[in-house]
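Novice: My questions all concern the structure below.
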Amino acid sequence: MEFSEFQVPTRVVAGRGLSTSIDIELQREGLTRGLLLTDAGVRPLADRVRRAAGSRVVGVYDAITPNSSVEQVEEAARLARELEADFLLAVGGGSVLDTAKAAALVFTEGGRLLDHQGVNVLARPLLPVAAVPTTAGTGSEVSIYAVVRDENTGTKVSFISEHLAPALAVLDPVLTLGLPPGLTAATGLDALTHALEAFLSVKAGPLSDALALAAARTVLRELPRAVVDGSNLEARWRMLTASCLAGMAFSWAMVGCVHAMAHACGGLREVPHGLANAILLPHGLEYNRPAAGDRFGILGEWMGADPVEAVRSLAERIALPTRLREVGVEEADLAALAELAMLDGSIYANPREATAEEIEAVLRAAL
Ligand SMILES: [Fe+2]
């Protein structure tokens, strides 16, 4: 038996409308002075959560953008210090949650964000983060990763430590009801990519496997329902759960070449993360097929079809783009994207040892 490691440092609470009683959960964690982090798009939802948190929120920072930047992280940390915050309350999608986690790092450790790159470089607990996802896909509410865009180099920078896992995750499907079909589809494919890459990873273990398989099957079944009818609370609920399960799975099992390429596309061309994954997933899976052993067969049983076919037909049903050129990537970008992907931490857990030429070929197939 191979060595494997698994831990979920986050307390997860889940329920319909739960964010309206978040005060009780914050109290249980002993959190009293929070800076609320959000983006302008979800500000109305964040304001609802803020009202529920009452006097426990003492400030708001809502300037976070998709593919959030180092500058935003450092600005949020500075504001939290000014306010003498004892926690960060993150209400939003993956960028908001990752910004909060990275800001907690800067708040506690000091210095510049980029001083702290690397795996497991953090030795002590950080400022606690309470994460309230408003999309179902990133899994950031439980993951030990934070990914931020360095605007100076046009690259995505990853931070990995169990100390980055939020202290509390509040899963409330009501907050995802208003997510438009396109975003629902793209973020849902991010969750599916986490599940499938975690299952195929060289770091997969028995516990991450169970979570990944459950998440993959749920996304296949529930995502089309959530896309077609955004007000379907049951489908929203199951997608939020699947996203969380996939987040737990890939926290320790890691992801693979699809994420390495998606990070490159997000860094260089600011392609939204979910869309990049959605486009690249069937191509990355096909590339990994020869190295997957019996794992493709197991996935096929769980997904009810060959994994590549299952992913393609899902993407078609929910009308996602299937070509990188549809999201702003050009042929002239491919070599640079392959180079960036080879430098991305996710590539190390990929089941097939990749070369830059092979990754460029995968990107070309997806162009
Ligand atoms: Fe992802």
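Novice: Charges at C-beta only: +1 for Lys and Arg, -1 for Asp and Glu. How large is the resulting dipole of the stretch 11-175 about its Cα centre, in Debye rounded to 20?
Specialist: Here the size comes out at about 360 debye.
Novice: Okay, moving on. DSSP loop trypsin sites (Lys or Arg not before Pro) in the stretch 32-96 with at most 16 other Cβ atoms within 10 Å of their Cβ, which ones?
Specialist: When the trypsin sites (Lys or Arg not before Pro) of the stretch 32-96 are filtered for loop state and at most 16 Cβ neighbours within 10 Å, R33 remain.
Novice: What's the local net charge at S201, with K and R +1, D and E -1, over the other residues with C-beta under 12 Å away?
Specialist: 0
Novice: What distance in nm separates the simple spin-label points at R112 and R16, each placed 7 Å from Cα in the Cβ direction?
Specialist: Taking the two extended label points, one gets 5.0 nm.
Novice: Could you tell me which residue out of A214, L192, Y348 lies farthest along the dipole of the stretch 179-366 toward its positive end? Charges go on the beta carbon: Lys and Arg +1, Asp and Glu -1, centred on the Cα centre.
Specialist: Farthest along the dipole direction, towards plus: A214.
Novice: D for the stretch 124-231, whole µm²/s, Stokes-Einstein with Kirkwood Rh over alpha-carbon pairs at 25 °C and 0.890 mPa s: what number?
Specialist: Diffusion coefficient, whole number: 160 µm²/s.
Novice: If you don't mind, there's one more thing I want to ask. Could you give the spread of the C-alpha atoms of the chain along their three principal axes, from largest to smallest, in whole angstroms?
Specialist: Principal extents (Cα only, largest first): 55, 44, 42 Å.
Novice: If you put +1 on each Lys and Arg Cβ and -1 on each Asp and Glu Cβ, how big is the dipole of the stretch 201-342 around its Cα centre, in Debye rounded to 20?
Specialist: The calculated dipole for the stretch 201-342 is roughly 340 debye.
Novice: Also, quick follow-up: Please list, ordered by chain and number, the residues whose modelled amide H lies under 5 Å from the amide H of A14; skip anything fewer than 5 residues away on the same chain.
Specialist: It is L171, by chain and number.
Novice: Give me a comma-separated list of calculated 3J(HN,Hα) values for the stretch 181-198, in order, Karplus coefficients 6.51, -1.76, 1.60 applied at θ = phi - 60°, integers in Hz, x for any Gly or Pro.
Specialist: x, x, 5, 4, 5, 5, 5, x, 5, 4, 4, 5, 5, 4, 5, 6, 5, 5
Novice: Residue by residue, what Karplus-based ³J(HN,Hα) values in Hz, rounded to whole numbers, does the stretch 40-46 have, using 6.51, -1.76 and 1.60 with θ = phi - 60° and x for Gly and Pro?
Specialist: Residue by residue, the stretch 40-46 yields 4, x, 9, 3, x, 5, 4 Hz.
Novice: Please sort 13-26, 137-150, 319-332 by packing, taking for each peptide the average over its residues of neighbouring beta carbons within 10 angstrom, highest first.
Specialist: The packing order, highest mean first, is 137-150, 13-26, 319-332.
Novice: Enumerate the calculated ³J(HN,Hα) couplings along the stretch 280-290 in order (Karplus 6.51 cos²θ - 1.76 cosθ + 1.60, θ = phi - 60°), each rounded to whole Hz, writing x wherever the residue is Gly or Pro.
Specialist: Calculated HN-Hα couplings, in order: 7, 4, x, 6, x, 5, 4, 4, 7, 3, x Hz.
Novice: Return the long-range amide H neighbours of S68 (sequence gap of 5 or more, or a different chain), with a cut-off of under 5 Å between placed amide H atoms.
Specialist: For S68, the qualifying residues are R149.
Novice: Taking the Cα centre of the chain as origin, sum charge times position over the Cβ atoms of Lys and Arg (+1) and Asp and Glu (-1), and report the length of that vector in debye to the nearest 20.
Specialist: Here the chain has a charge dipole of around 1020 debye.
Novice: How far is helix 334-343 tilted, in degrees, relative to the longest principal axis of the Cα atoms in the chain, given as a value from 0 to 90 rounded to the nearest 10?
Specialist: Approximately 60 degrees, to the nearest ten.
Novice: Which order do peptides 244-254, 82-92, 301-311, 115-125 fall in by mean Cβ count within 10 Å, highest first?
Specialist: Output ranking for 244-254, 82-92, 301-311, 115-125: 244-254, 82-92, 301-311, 115-125.
Every number here is computed from the coordinates shown, using simple stated rules; none is lab data. A quick note: this is a predicted structure, and the numbers were derived from the prediction, not measured. Every residue, glycine as well, gets a Cβ built from its backbone with ideal geometry; the counts of neighbours run over all protein chains shown.
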